[in-house]
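The numbers here are math on the coordinates, done by the rules we state, and not lab data. As the structure is a computational prediction, the values presented were derived from the model and not from experiment. Using ideal geometry, Cβ is built from the backbone for each residue, glycine included, and neighbour counts are taken over all protein chains shown.
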Amino acid sequence: MCNIVLIGYRAVGKTSAGRLLAHHLEYDFVDTDHLICEMQATTVAEIVEEQGWRAFRRYEEEALRAAVSRPRRVISTGGGAVLHQELFEQIWKQNFVVWLRADLKVLGQRLAMAKEGERPSLTGASIIAEMKDVLEQRTPLYRRFSHLAVDSGKQDIDSVVAEITTAYAALQQ
Ligand code: S3P
């Protein structure tokens, strides 16, 4: 298994858990949203506002391909990464994919606290309505493209990282 890829909805803790996990394993940490911003020299919000979601998804696919092109990385992906289904089919075959999940209530609270404009709306609906709608579409994809599901809403970040590390170590044996 070459990389650990974290998937899951917005605000589920992929970036925080990913950074800590990478530190523990002495792997490189890559955040695909960060990579997109670096490659395009702008922010996610600006890409969406000026070029639309379709352009963002094209950049996202490019960033995902670049992220998995080297081994020994922990890769934190954007919530919509699994929409690239053909690519994710390959990613799932060649990497250890972890689905971070949490209750709607926990996610709703975290999203409500996020800075204005940090996460552009996906559907134009309210946070809760959007989350329900989008999760209905994405949950089967998160399930299908993951080897392990970890609840990050019911435990602290150290336990999340420990759970992933244990499962990953078991695979190497
Ligand atoms: C998105 C999630 C965001 C970012 C973009 C689209 C999504 O990443 O990629 O705003 O489609 O759910 P986070 O999951 O890191 O917030």
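Determine whether R73 is touching a residue at least 60 places away in the same chain (Cβ under 8 Å), out of contact with any helix residue (DSSP H, G or I) (no Cβ under 8 Å at 6 or more places or on another chain) and surrounded by 14 or more Cβ atoms within 10 Å (Cβ to Cβ). When the stated conditions are applied, R73 does not pass them. Within the option set A55, A66, being more than 13 Å from the ligand (Cβ to nearest atom) and without any contact (Cβ under 8 Å) to a residue 60 or more places away in the chain holds for one residue only, A66.
Only residues that are part of a helix (DSSP H, G or I), of a type outside the set (V, I, T) and either under 16 Å from P71 (Cα atoms) or touching a Leu at 6+ places or on another chain (Cβ under 6 Å) (or both) were counted across region 25-46, and they come to 1.
Each row is one residue, and each column tells you yes or no for (1) more than 14 Å from the ligand (Cβ to nearest atom); (2) closer than 19 Å to L148 by Cβ; (3) in contact with a Lys or Arg (Cβ under 8 Å, 6 or more places away or on another chain).
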{"site": "R70", "(1), (2), (3)": "yes, no, no"}
{"site": "R73", "(1), (2), (3)": "yes, yes, no"}
{"site": "T77", "(1), (2), (3)": "no, yes, yes"}
{"site": "V82", "(1), (2), (3)": "no, yes, yes"}
{"site": "L100", "(1), (2), (3)": "no, yes, yes"}
{"site": "K105", "(1), (2), (3)": "yes, no, no"}
{"site": "S121", "(1), (2), (3)": "no, no, no"}
{"site": "I127", "(1), (2), (3)": "no, no, no"}
{"site": "E130", "(1), (2), (3)": "no, no, no"}
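For region 138-164, the tally of residues that are surrounded by fewer than 17 Cβ atoms within 10 Å (Cβ to Cβ) and farther than 19 Å from F88 by Cβ stands at 8. Scanning region 1-17 for residues that are more than 10 Å from the ligand (Cβ to nearest atom) and assigned to a helix (DSSP H, G or I) turns up S16, A17. Residues in region 21-52 that are more than 12 Å from the ligand (Cβ to nearest atom) and buried (at least 20 other Cβ atoms within 10 Å of the Cβ) were compared, and the one that is farthest from S159 (Cα to Cα) is V30.
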